[in-house]
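The values are calculated or read from the model by the stated rules, or taken from the named source; none is laboratory data. It should be emphasised that the depicted structure is a prediction, and the values quoted were computed from it without experimental measurement. A quick note on method: Cβ atoms are made from the backbone with ideal geometry, for glycine too, and the neighbour counts reach across all protein chains shown.
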Amino acid sequence: MNKKIITIISFIFLASCSTTSTRSSQDLALDLSLNQVEKLNIGNVDANDVKKALGDPDQVMQVRSQSQGNVWIYLDKASKSPRVSLFFDDETRKLMSATWFVREQDPEVQLSSAKRRYPHAKFEIIKSKWETGHSAPADEVYYFDKNLGLKLIYSPVPNQVRSIVRIASKQGQVSDRTVSSSVK
C-alpha cells in the first residue's frame, strides 16, 4: 500500500513539474511571416479579408491626420514588440499599406538580401529629411520603388534594414514577387 501511495505522489509531483505552453494554438498560428504579409493584396483587401488571413490584431489605433483610418498592429509573440503594422483607409475601408518590422535574425536585415527579395524593383535612394525645425532627421535612407509601392527603410549605422513597407500604388501593384494565393 505504501509503495502505491509513494508512486502516486511521485507521479503527481513529476506531472506538476512539467512545463506547458501558455500560448493558445491561435497565438501560435499568429507568428507571422513576411510571406504571409506579402500575400495581402494591398489596395484591394478590407479588414475582414485581413482577419481571415492573419487573425485579430493585437492593437488597433485610429489615425486622424492627412490620411484618416485605422492602424492594426500585430506583435511579435516572443518579444511583444510590433512585427506588422497595417493601415486601413476610413473612406474606402481598404488596406492601404503594410509595414514589416525587420528583426536581427531575419535575412532581410541585410540590405543586399532585402534587395534580392525584390529582383525587379528599381529603387530610388531618398535620404531622410528634416521633419520639423526642432529635430534632426533620423539616420535613415529610403530605397523606394514608386511603381511597385515598395520601400526599404535602411539605417547605415548599424547597417540594417529596419522595415519593409508596401503601399498601394497607382497601378494597384505592390510587389514584384509572385504570390500564388493572394487574399482578394
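For Val50, state whether it is touching a helix residue (DSSP H, G or I) at 6+ places or on another chain (Cβ under 9 Å), modelled with pLDDT of 95 or more, assigned by TED's automatic domain parsing to the domain that holds Ser33 and of a type in the set (Val, Ile, Thr).
It is false that Val50 is touching a helix residue (DSSP H, G or I) at 6+ places or on another chain (Cβ under 9 Å), modelled with pLDDT of 95 or more, assigned by TED's automatic domain parsing to the domain that holds Ser33 and of a type in the set (Val, Ile, Thr).
How do the pairs read when you match residues in the stretch 57-71 that are more than 13 Å from Ser85 (Cα to Cα) with residues anywhere that are at pLDDT 85 or above and assigned to a strand (DSSP E or B), using Cβ under 9 Å and keeping only pairs 6 or more apart or on different chains?
If the second residue must be at pLDDT 85 or above and assigned to a strand (DSSP E or B), the pairs left are Ser67/Phe87; Ser67/Asp89; Ser67/Met96; Gln68/Gln62; Gln68/Asp89.
So which of Ile73, Ile126 is of a type in the set (A, V, I, L, M, F, W, C), over 14 Å from Val161 (Cβ atoms) and assigned by TED's automatic domain parsing to the domain that holds Ile164?
Ile126
Somewhere in the stretch 109-126, is a residue among the acidic types (Asp, Glu) and surrounded by 12 or more Cβ atoms within 10 Å (Cβ to Cβ)?
No, that holds for no residue.
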